[in-house]
Each structure stands twice: as C-alpha cells, then as structure tokens.
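Take a look at the structure set out below.
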Amino acid sequence: MARPRNPQRDKAKANFIKSGGKMTTKENATAVGVPAKVVKVNGKKVGQMDQVHVPNPISNELRQLQAEVKRLRKKLDQLDRLEAGHNSEKHDCD
C-alpha cells in the first residue's frame, strides 16, 4: 500500500510555479520546512555523513585572529617598555 501524499509537495509545487521556475530545490525545501541534506558529492552517493560535527571555519579564523592580536599586544608592550626605558635614560642625562 502506498503512503499518503505529503501536503508539503503541493506547497513546494505552488512555490515553484509562483517563482516562475526560478526557485532552486534547496530554496523550495527550506521554504516548505524540509531540512536539506547532502546525498551526493561529485556525483557519488554519500553514506552516513556527520553534518553536525564539522570544522567551523569562522571559529577557526577567529581563534587565529585572537592569537595574532595576543602576539601583537605582547610585541607592543615590549616596545612600550623599551621606549619608556629609553626616555628615562634621556631624563637621567639632563
């Protein structure tokens, strides 16, 4: 026995027609509330793919930027101390 027709199919068809055929399948799926998922990569069927625990490129970039800021602040502190020492030597000579 066939399963009953999903009412979201009718919504999806109406959205597609309304868009004049310009709406992508992914956009249409999102619009009707069906979560999109990867089924093929480079034409090959994908097995069980963990789409939750993947590297976050934005988070990785932020970590790198934070490390760079920390390094630059340390360098700036060193330069400030060096300059302060240099200025105090000038005043000692006066």
Checklist entry - How much length is gained on full extension from K18 to N42, taking 0.36 nm per residue of separation minus their Cα-Cα distance? => result 5.6 nm
Checklist entry - What nm value, rounded to one decimal, do you get for the distance between K74 and Q8 when each label is placed 7 Å out toward the C-beta? => result 5.0 nm
Checklist outcome for this item: The extension gain from L62 to M1, computed as 0.36 nm times the residue separation minus the Cα-Cα distance, is 16.6 nm
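No lab work stands behind these numbers, since they all come straight from the coordinates. Everything numeric in this text was worked out from a predicted model, so none of it was measured. Neighbour counts run over all protein chains shown; Cβ positions are idealised from the backbone, glycine included.
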